[in-house]
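The values are calculated or read from the model by the stated rules, or taken from the named source; none is laboratory data. Keep in mind the model is a prediction, meaning the values are calculated, not measured. In this analysis, Cβ positions are derived from the backbone assuming ideal geometry, glycine residues included, and neighbour counts consider all displayed protein chains.
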Amino acid sequence: MRLMISAFSLLAASIVTTCVITSGTERIPEITRDLPATYAEGEPIFDARLKARFPVGTAENAIIEELERQGFSIKEGPHGRFATFVEKKLIASNIWNVGWEAENGAVSKVWGVYGGRGP
């Protein structure tokens, strides 16, 4: 009986490990991949990637199309549009938000926020 329980435990651990390894980077947006594990270190890198990818003058339609292509949800807020992607995990979720301002159809400011949410 103990041998059967041990074998089941080993199998369950193997399945969980495989799921953790194979999930993750292929499911999250390209622009969010390979960030440091801590939000404090990752957020400025995420913000810099956004500023490089969508410099001032980028057509607002282009930022919307690209973020949607990468899996972000575009939403309307009190101060304009923003994009959100949530990577749901077992205990906590990673959240990436992209905000921007546009004038005459062109991006005039873009920024990123990277954080988490618990259960």
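Among the residues of region 51-93, those identified as among the polar types (S, T, N, Q) and either surrounded by fewer than 15 Cβ atoms within 10 Å (Cβ to Cβ) or closer than 17 Å to residue 35 by Cα (or both) are 61, 70, 73, 84, 93. Residues of region 1-42 that are part of a helix (DSSP H, G or I), at pLDDT 60 or above and either touching a helix residue (DSSP H, G or I) at 6+ places or on another chain (Cβ under 6 Å) or surrounded by 11 or more Cβ atoms within 10 Å (Cβ to Cβ) (or both): 30, 31, 32, 39, 41, 42.
The set of residues in region 52-75 that are part of a strand (DSSP E or B) and without any contact (Cβ under 8 Å) to a residue 12 or more places away in the chain comprises 74, 75.
State yes or no: is residue 45 at pLDDT below 95 and either within 12 Å of the chain's Cα centre (by Cα) or not in a strand (DSSP E or B) (or both)? No; evaluated as a whole, the condition is false for this residue.
Among the residues of region 76-100, those that are within 21 Å of residue 61 (Cα to Cα) and either in a loop (DSSP other than H, G, I, E, B) or at pLDDT 95 or above (or both) comprise 78, 79, 82, 83, 84, 85, 96, 97, 98, 99, 100.
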